[in-house]
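First up is the structure itself, then whatever we jot down about it.
Values in this text are rule-based calculations from the coordinates and carry no lab data. Note that this is a predicted model, so its numbers are computed, not measured. A quick note on method: Cβ atoms are made from the backbone with ideal geometry, for glycine too, and the neighbour counts reach across all protein chains shown.
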Amino acid sequence: MTQNHQKSPFTLVERAGKLTASSGSAWEPKIGYSRAVKKGNMIFVSGCVGINPDKTFSSDVAQQTRRSLAIIQSALDALGASVADVVSTRMYLRHIMDWEKVATVHGEMFGEIRPATVLVEVSNLIDEAAMIEIEATAIIG
């Protein structure tokens with residue numbers, strides 16, 4: 001069953017007993033993944049780079065972090081959750097020296113929620129302009 005969420009650009013599809021959310025990213029069908037998957041009361045949001053709607057990237061890591069988190073928030077909203085339901089995030093950063101900028105933005109969103117998290121440096125991401133990729137896990141209820 002396919003349905004478009006009214007307040008979201010996401011397409012929701014039931015697959016093998018799971019509800020999947022697609023953002024329409026060109027990477028999703030090519031790699032064979034969903035932006036987010038809901039099974040029971042758990043939601044897993046795939047890694048999100050900070051790509052803008054016009055397919056460009058800001059040159060500022062804090063802006064890319066905000067955009068990554070906005071995509072995660074939209075995916076959670078599409079599946080009936082919120083950032084308050086997030087229990088874990090994983091952040092992959094191209095340049096570890098940027099960790100404080102990334103941490104500040106993460107703290108703005110999750111400061112009172114305090115999910116478990118990891119922040120690691122990686123050598124590259126899916127697009128050379130991407131500086132950060134973030135994934136999240138949420139539990140509803």
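Placing a pseudo-label 7 Å from each Cα along the Cα-to-Cβ vector at ALA129 and THR104 gives an inter-label distance of 2.3 nm.
Along the chain, the longest continuous region that contains none of the trypsin sites (Lys or Arg not before Pro) in a DSSP loop with at most 15 other C-beta atoms within 10 Å is 56-141. Within the chain, the longest run free of exposed loop sites, counting GluC sites (Glu not before Pro) that sit outside DSSP helix and strand states (H, G, I, E, B) and have at most 14 other Cβ atoms within 10 Å, spans 1-111.
Counting only DSSP beta bridges with both residues in the range 2-139, the antiparallel share comes to about 85 percent. Over the chain, dividing the summed -39,500 (n - 2.57) contributions of all DSSP H runs of at least 4 residues by the number of residues returns a 222 nm mean residue ellipticity of -7500 deg cm²/dmol. Ignoring lysines fewer than eight residues from LYS55 along the same chain, the ones with Cα atoms less than 23 angstrom from its Cα are LYS7, LYS30, LYS101. Here the chain is assigned +1 on the Cβ of each Lys and Arg and -1 on the Cβ of each Asp and Glu. Its dipole about the Cα centre then comes out at about 460 debye.
Scalar couplings 3J(HN,Hα) for the range 63-80, obtained by applying the Karplus form with A = 6.51, B = -1.76, C = 1.60 to θ = phi - 60°, are 5, 5, 5, 4, 5, 4, 5, 5, 5, 4, 4, 5, 5, 4, 4, 4, 9, x Hz; x denotes Gly and Pro.
What the phi angles of the range 34-45 give under the Karplus curve with 6.51, -1.76 and 1.60, with θ = phi - 60°, is a coupling list of 10, 4, 8, 9, 10, 10, x, 9, 10, 10, 10, 9 Hz, glycine and proline written as x. With a ≥ b ≥ c the root eigenvalues of the C-alpha gyration tensor of the range 42-141, is it rounded (a/c under 1.5), prolate (a/b larger than b/c) or oblate? Note, shape of the range 42-141 comes out prolate.
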